[in-house]
1. Put a dot 7 Å past each Cα toward the Cβ at residue 84 and residue 58; how far apart are the dots in nm?
2. Could you compute the FRET efficiency for residue 69 and residue 7, with r as their C-beta to C-beta distance and R0 at 25 Å, rounded to 0.05?
3. For the pair residue 98 and residue 77, how long in nm is the line joining their label points, each one 7 Å along Cα→Cβ?
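Quick note: the coordinates plus some simple rules give every number you see, no bench work behind them. Note that the structure is predicted; figures quoted are calculated from it, not measured. Don't worry about glycine lacking a Cβ; one is built from the backbone with ideal geometry, like all the others, and counts go over all protein chains shown.
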Amino acid sequence: MSPKTDLRRLARMFKALGNENRLQLFVNLLEESQLDLAKGRTHDCFLTKLLGGLDIGAPTVSHHVKELADAGLIDTQRDGKQLICSVNPEVMRELRALLAPGDQG
């Protein structure tokens with residue numbers, strides 16, 4: 001691991017995932033998007049598809065999505081009234097390298 005800024009950034013990511021609802025949103029997005037790490041592509045997913053199993057209101061969801069985006073874990077864009085989310089593939093490669101260093105295949 002290089003400079004402290006990398007550790008601070010990683011700490012921010014893990015802090016964002018430390019909330020149960022944010023973690024569930026992120027896991028739902030991973031499952032829905034079918035992230036293709038080998039090609040570095042994600043399939044975008046409408047936020048409404050990610051809310052399964054969560055019993056939280058829209059303002060709370062917006063807050064959690066913002067926290068995940070601010071931590072760099074996801075990317076978001078608007079399509080009319082819909083919010084489209086995707087997992088940041090670079091961050092996923094980085095987390096995978098950190099958590100499973102021998103499993104880069």
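1. A separation of 2.1 nm, rounded to one decimal place.
2. 0.75
3. With each label placed 7 Å out from Cα toward Cβ, I get 2.6 nm.
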